[in-house]
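Below is one structure; the comments refer to it alone.
The values are calculated or read from the model by the stated rules, or taken from the named source; none is laboratory data. Given the structure is predicted, the values throughout are model-derived calculations rather than measurements. All Cβ positions, glycine included, derive from the backbone under ideal geometry; neighbour counts span all protein chains shown. For the accessible areas, the whole protein counts, side chains as well, though only heavy atoms, and no ligand, DNA or RNA atoms are used. Shrake-Rupley method; radii C 1.70, N 1.55, O 1.52, S 1.80 Å.
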Amino acid sequence: MSGINVDMLKNKLMAAAAALLGFAATALPAHAGATLEGVRQRGILVCGVNVGVAGFSQPDSGGTWRGLDVDFCRATAAAVLGDANKVRYVPLTAVQRFPALQAGEIDLLQRQGTQTLTRDTTLGLRMVGVTFYDGHGFMVKRSANLTSARQLDGGTVCVQSGTTNESITAEYARENNLNIHIVVFDRVVEANNALAAGRCDAVGTDAGQLAALRSMLPNPQDYMILPERLSKEPYGPMVRRDDQEWFEVIRWIVMATVEAEELGLTTANVEQMRTSSESANVRRLLGVDPLLGNSLKLPQDWAFQIIRQVGNYGEIYERNMGVNTPLGLERGANALWTKGGLMYAWPMR
């Protein structure tokens, strides 16, 4: 150590260490643990949705976004900001959706995306809950006189890239010894147009999306969805893995819409029920008892605002997907558990 000033060396090492720590801090995601506060400070929720699929997320003729996924973005804004309209929608393709969330370009991904083990464990994201249960199917022209997916042997199936639908179609063909030619498009609407133009014999995607695609065609009655469901496709919101607080907020927002339907709370009666109900469950959910809001660091009336401005799960479903919409879908698996479906809210206490 001859000729070296030990104190000077020590100071340089400490400075280098501090610089390294500073670099590490800036390299960490700025959104860690801060999404809820970031949304509040910004005064608007940035929500990733599909680029345009009827029933899920699509701008109407006036440019207003509508759909089941859109309504869950609105429910989040109602709970966190008190105003369901404080949402900026970011339309994302299947390829863009996960990177956009990973990069912090959006606060919430509320877009059709099947919740799978590998997605939940390898993307740095968390799957929050299920807002729509679906399954892979095929849509064909009625004039083809097909009654089963097994009759697609030798045919061409169009699918969207970056989704599970491509692998599901390939697995189905292999397992059933079918010769199916798969053609991939960036957007599912392009695959739908290819079916209409006769470039493919079927479109393969989840049945809810098939119903949406059918409603967009000039003569929807000329197309049919084959009866087979080849997979389980639970859709739901996704958030970044590094923010447990935001994960909990989004999970319980979804639960609140289902709980509201279970309790019979609707946009029409929620204000009256808030002042007159003697039910402990209703009083907790609507914020008469502040327990739930305090636990989530949300306003006391967070769930009340969701129901008043957006509705319960049943209202959201029927408005966007139900039998009286162009999609015409029965509730099926998306009915409440008390009515033979899978929708079930965890105890909110």
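Grab the DSSP H runs of the chain that are 4 residues or longer, score each as -39,500 (n - 2.57), total them, divide by all residues and round the 222 nm result to the nearest 500 deg cm²/dmol.
Numbers: 14 runs with 145 residues, N = 349.
It lands at -12500 deg cm²/dmol.
The shape of segment 174-288 can be summarised by an equivalent ellipsoid whose semi-axes, obtained from the alpha carbon gyration tensor, come to 43, 20, 14 Å from longest to shortest.
Counting only heavy atoms of the protein chains, get the accessible area per residue of segment 265-315 (1.4 Å probe) and round it to a whole Å² value.
Value for segment 265-315: 44 Å² per residue.
Across the cross-link table entries Lys86/Lys297; Lys232/Lys339; Lys141/Lys339, which are compared at the Cα atoms, the separations over 30 Å belong to Lys141/Lys339.
For the pair Arg349 and Asn179, the difference between a 0.36 nm per residue extended length and the Cα-Cα distance amounts to 55.8 nm.
Hey, any idea what Rg/Rh is for segment 129-240, computing Rh the Kirkwood way over Cα pairs? Don't skip to the answer; put the middle values down first.
Details: Rg = 13.4 Å, Rh = 14.1 Å.
Over the Cα atoms of segment 129-240, Rg/Rh equals 0.96.
Projecting the Cα positions of Met273, Ala256, Thr164 onto the charge dipole of segment 163-280 (unit charges on Cβ atoms of Lys, Arg, Asp and Glu, taken about the Cα centre) puts Thr164 furthest along the positive direction.
From the alpha carbon gyration tensor of the chain, can you work out the equivalent ellipsoid semi-axes (sqrt of 5 times each eigenvalue) and give them in Å, largest to smallest?
40, 31, 16
Any idea what the dipole of the chain comes to, in debye rounded to 20, about its Cα centre with Lys/Arg Cβ at +1 and Asp/Glu Cβ at -1? Don't jump to the answer; show the numbers that get you there.
Details: 33 positive and 35 negative charges, 79 e Å.
Once rounded to the nearest 20, the dipole reads 380 debye.
Surface composition of the chain: carbon and sulfur make up 51 percent of the accessible area, probe 1.4 Å.
Modelled spin-label separation between Val288 and Glu271, with each label point placed 7 Å from Cα along the Cα-to-Cβ direction: 1.7 nm.
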